[in-house]
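Q: Submitted below is the structure of interest, expressed as C-alpha cells.
The values are calculated or read from the model by the stated rules, or taken from the named source; none is laboratory data. Quantities reported herein were computed from a predicted structural model and do not represent experimental measurements. Cβ placement follows ideal geometry from the backbone for every residue including glycine, while neighbour counts extend to all protein chains displayed. To get the accessible areas, we keep the full protein, side chains included, count just its heavy atoms, and leave off ligands, DNA and RNA. Shrake-Rupley method; radii C 1.70, N 1.55, O 1.52, S 1.80 Å.
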Amino acid sequence: MSSQQSVQPPVAAPRPFLRAGLATAMTNTSKAVLLTVRAVPFTAAMIALMIGMGIATRTLWHPAAPDSDLLQSLSYGTPQIALRHWWTFGAGAMVLPRPEFYPVVGLLLACGLSRYERKVGSLRAAAVFIGAQLAGTMLTAVLLLPLADGAWPWAAQAATQVDLGLSAGAIGVLGAATALMHPAMARRSRLVALTYLSVLVMKSGLLWDVEHLIAFLTGLGVGPRIAGRRHLTLRMPHIAPVNIRSGVALVIATVAVANLVESIYPGMGGIFGSGQPSHTPMHNLPVVVLELVVALLVADGLRRGRAAAWWIAGFGTTAVLLNTVLNSRGMVRTTDALCCVVVLALLVVYRNAWSWRTPEGFAAKSIRRVVLALSVFACMSVALVWSQRNALQPAPDSFDIVRQAMSRLTFTSGPLRVTDPTSRMVLNAAAVLWALVLIWLLVPFLKADRGPECGPRDTLGQLLRHHGGGSIGWMRTWPAFSTWTTKDGQVAISYCVVGTVAIAIGDPVGPESSFPEASSGFRQFCQYAGWTPCWFAATPALRDSAPGWRSTQIGEDTMVDLADLNFVGKSWQDVRTARNRAAREGITVTGGRLSDLSPALVEQIEEISREWVLRKPMPEMGFTLGTLAHARDPEMRTHLAVDAAGVVQGVTTWLPIHRDGEVVGWTLDLMRRRPDGFRPVMEFLIAESAVIFADEGYEVLSMSVAPLARRTPQTGPRTMLDRTLDLMSRLLEPTYGFRSLLAFKAKFHPEFRPVYLMYASPSDLLAISVAIGRAYLPDLDTRQMADLVRGLRTRPHTPVAG
C-alpha cells in the first residue's frame, strides 16, 4: 500500500532588505525620540509620567468610578485640604479620571508646553507649568474652604467636589505663552480664552472650570516676566476700528461656543445656579447648534464691518435679554442676561466702528422682508403654542401663550413647563424652523458690502497717462481691479478683493508727495469695509513714504534702457544666435493692435494660446499675469514671429508705460510660443521688439515684474509670509517657472528693481498669504492642489516661455 505525504511549502525567510528597512525605521524613530527628549525634556517627562500613571491606575483604558478608592485617595480639592492631604495636589495631577482625557491633555502638552519650553527653556517652562497647576488647583480649593458651609448653593456644592489631572497647568502655560505672541495676536488670544473660561464658570461652574480660569490668569500674570517683556497693564491703548470689530465678533462667537459646550456637558448650572445641573446632557442640542451658526454668521458680519450685522446683533441681543428677564426663574438665567448686557455694552460703546451705511435701497428692501418673515412666523408660533396649550403647566392665558411663542424666536425655554414629550418636540421643531429661516434672512444682510469708492474709468486713465504708474501701471485698467480715489480725485489706487483681503496693485497713481495721505485713506477705507489691506508690487518710493506699514520683498522689476541697447559682447551671445538663426529661416516680426491683425493670424494666436493652456497641468494664472483677453485692449500692442510660410511661431503682448501724457515705454505681458516650432523664438521676439521700440523713440522696455522670485538673497529674519511665498514659488515653479523666468530675463541685462508686499500687521499674514494664492489661481481645484504638493518632489524643468 502506498502512502502519500503532504508536502508543505517552504516558509520564506524574511527578506534581507525588509529586515534592513525595519531596522532603519526603528533607528530613525529612536533618534527622533531622543532628539525630542533632549529638546523638550520637561514636556517629555510630564507626558511619560502621565502615561505611566495611567497604566498603573488603569485609567488609561478604564474610567475611574466617582466613588472609587483611586479617586478618593489621589484626587485633590477642598475635602483634601480639610484632611491635610496636601500631597494629593501633586500625585493627583499625574492621573486623569477618564481615558478620553488622555489624548486631549497629551495634545495640549505636546503642542503647547513643548513649544513654550523651546522658547523660554526647560527650567522656566517647568516653573510656569507647576506654578499654574498649583495656583489653579490649590487656590480654588482654599477659596472654597470658607464657603463650604455658607448660603451660596454653588459654592457649597463645589466645595464637595474633587478633581484629577494637570489640565490647569497646561492652560496656565497657554496663558503665559501669549506674552511671546505679537501684541495684536496676543490680545485676541487672551480675549477668546478669558471669554470662554469665564462663560463656562458662570454657566457650568464645575470645579475644573474655576481651576482653568485661575490657572490661565496666573499664566497671564507671570508670562511677561518669564518672556522678559513688560507687565500687562489695564490701560486701554487706542484700538483701530478693525481690531474693535474683530474683538466684538470674537466675544460673540466665543460665547456661542461656550453655550454649545455647556449644553453638551451641563455641569452644575454655573456660579449663579443652585449647585445642580440645570438640564440634562445634550439638552436641546439642535437648537443650540443652529444658534451657534446664527451667532457665527453675525460675528463674521461684524468682523467685516457690515452695518446690518451691528443692527442684527443689537436687536437680537436685546430680544434675548428681554426674554431672559421676563422668563427668568430664580438665578438660573442670570448668566445669560449678563452675557447679553456685556455684548450690548460692547456694541453701544464701540458703535463708531460700524460708521457706514449699507448700499442705497438695500435697507428698505431687506427690512420689509424681515418684518414680513417675523410677522408670519410670530403668528405661526402663537398658533402652534395655542394648539399645544393643554400640555403646558400651569394653564396658560393669552399673555403666557404669547410669551411662550416669543421664546421660540430667541432660542430660549418658555415660562411654562411642557409636560408632554410630543408637544416639547413640536415646539422645539418650531425653534429649529425659525433658526433656518433666520439664517436664510441673515445671508443677504451680511453680504451687503459698502459700494467701492470708485472713480470713472476715464478718470483712472487720465491719471495713468499723466502720472504713469510704473511698469505695471496699465494693469490697473483690467476688469479684475476696482479703483479707490481720494476725495479730490487726484490719486487713484487699484485693488482687488479676495475673501476679506484687499490687494492693492503697485503704487498709488498720483504725485509721490500724496503717497502717505493716500495710503492712510485707503487703509481707513478698507477698515470700514471690513477688509484687510495690503500692497502687492509696491516700489521703494511707496515703502519709504507710507508710515505704519511693514514690508517684505516679493520679486524684482526688470527695466531695459532702450537708448543704450546693443547686442555686442559675449553676454549677448544667446540673443544674437536667436536673431541670426531667425534671419536664416526667414522668420520676421510683425505687430500692432490685436484687433487690426488679419483673422488668419488671430486664429493662429488663439490656437497657440489654447494649446499652451491645455498642455499645462494647472489652470491659467491671473492677477498680475495677463491673458489673451487683456491683449484685445486697443492701448496694448501684440508682436508676432511669423515664418516664410505665414505660420505664427510665437506671440508677445505689451502694456504701455505713460508719463506726462505720453507713452514712454512698453511692458512685456503675455508670452506664448508654438510647442514644436522655432525654439529660441522668445529671445528673438523680445530682442526685435526692443529694436522696434528703440527705433520708434521710446525710452524704456520692462520685462515686467517677476513675482515670487528674486535674485538677491533675503537679509534679516524671515516672517511667516516669507516662508509662505517661498513655498508658493516652489509649488508653482515646475508648472509656471517664476525663477526660470527671472533667469531668462537676465539674458537682456536689465536693471533689477525690488518690489515689495506691504502689510499692516503680522497677524494679517495668514489671510494675506491665502488671498495671494487664490488671486493667482482662482480656479484651482482639489486634484490640482494635490498635484502641486507632489510637485515639490520634482525638479523644476518647465521651459520659460513654453
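Q: Under the 0.36 nm per residue contour assumption, what length would be gained going from the current alpha-carbon distance of residue 149 and residue 280 to full extension?
A: 44.5 nm
Q: Return, ordered by residue number, the residues of segment 170-194 whose backbone nitrogen is under 20 Å from a label point located 7 Å along Cα→Cβ of residue 552.
A: 180-186, by backbone N distance to the label point.
Q: Give me P(r) over segment 481-624, computed from all C-alpha to C-alpha distances, binned every 5 Å, as integer percentages.
A: Values per bin, smallest distances first: 2, 7, 12, 12, 12, 12, 12, 12, 11, 7, 3, 1, 0.
Q: Another question about this same structure. At 1.4 Å probe size, with no ligands or nucleic acids counted, give the accessible surface of residue 369 in Å², nearest ten.
A: That residue has around 90 Å² of solvent-accessible surface.
Q: Compute the FRET efficiency between residue 84 and residue 341 as 1/(1 + (r/R0)^6), taking r as their Cβ-Cβ distance and R0 = 35 Å, and round to the nearest 0.05.
A: Efficiency computed from Cβ-Cβ geometry: 0.25.
Q: Scale the Cα Rg of segment 552-631 by the rule-of-thumb value 2.2 N^0.38 Å and send over the ratio, two decimals.
A: Against the compact-globule rule of thumb, the ratio is 1.48.
Q: If you count only protein heavy atoms with a 1.4 Å probe, what accessible area per residue comes out for segment 515-654, rounded to a whole Å²?
A: Result: 44 Å² per residue.
Q: Also: When the accessible area of segment 470-606 is split by element with a 1.4 Å probe, what percent falls to carbon and sulfur?
A: The C+S portion of the solvent-accessible surface of segment 470-606 is 47 percent.
Q: For a Förster distance of 41 Å, can you work out the FRET efficiency between the beta-carbons of residue 119 and residue 142, rounded to the nearest 0.05?
A: Approximately 0.85, to the nearest 0.05.
Q: What nm distance separates the two modelled labels at residue 422 and residue 610, each placed 7 Å from Cα along Cα→Cβ?
A: Using points 7 Å along Cα→Cβ, the separation is 6.6 nm.
Q: On each of the three principal axes of the Cα atoms of segment 91-235, give max minus min coordinate, whole Å, ordered largest first.
A: Dimensions of segment 91-235 along the principal axes of its Cα atoms: 44, 39, 22 Å.
Q: Would you kindly find the accessible area of residue 705, with a 1.4 Å probe and non-protein molecules such as ligands, DNA and RNA excluded, rounding to the nearest 10 Å²?
A: The accessible area comes out at roughly 30 Å².
Q: Sticking with this one: If DNA, RNA and ligands are ignored and the probe is 1.4 Å, what is the ranking of 278, 381, 68 by accessible area, most exposed first?
A: Highest to lowest solvent-accessible surface, that is 278, 68, 381.
Q: Can you grab the distance from the C-alpha centre of segment 480-499 to the C-alpha centre of segment 653-671, Å, no decimals?
A: Cα centroid to Cα centroid, the span is 21 Å.
Q: Another one. Heavy atoms of the protein only, probe of 1.4 Å, neighbouring chains included. What is the accessible area of residue 658 in Å², nearest 10?
A: 20 Å²
Q: Go ahead and run the numbers for FRET between residue 189 and residue 390, Cβ-Cβ distance against an R0 of 51 Å, rounding to 0.05.
A: It comes out at approximately 0.50.
Q: Shifting gears a bit: Pulled fully out, how much extra length does the chain show between residue 352 and residue 315, if you take 0.36 nm times their separation in residues and subtract their Cα-Cα distance?
A: 11.6 nm
Q: So how much slack lies between residue 37 and residue 583, counting 0.36 nm per residue of separation and subtracting their Cα-Cα distance, in nm?
A: Separation in residues times 0.36 nm, less the Cα-Cα distance, equals 189.7 nm.
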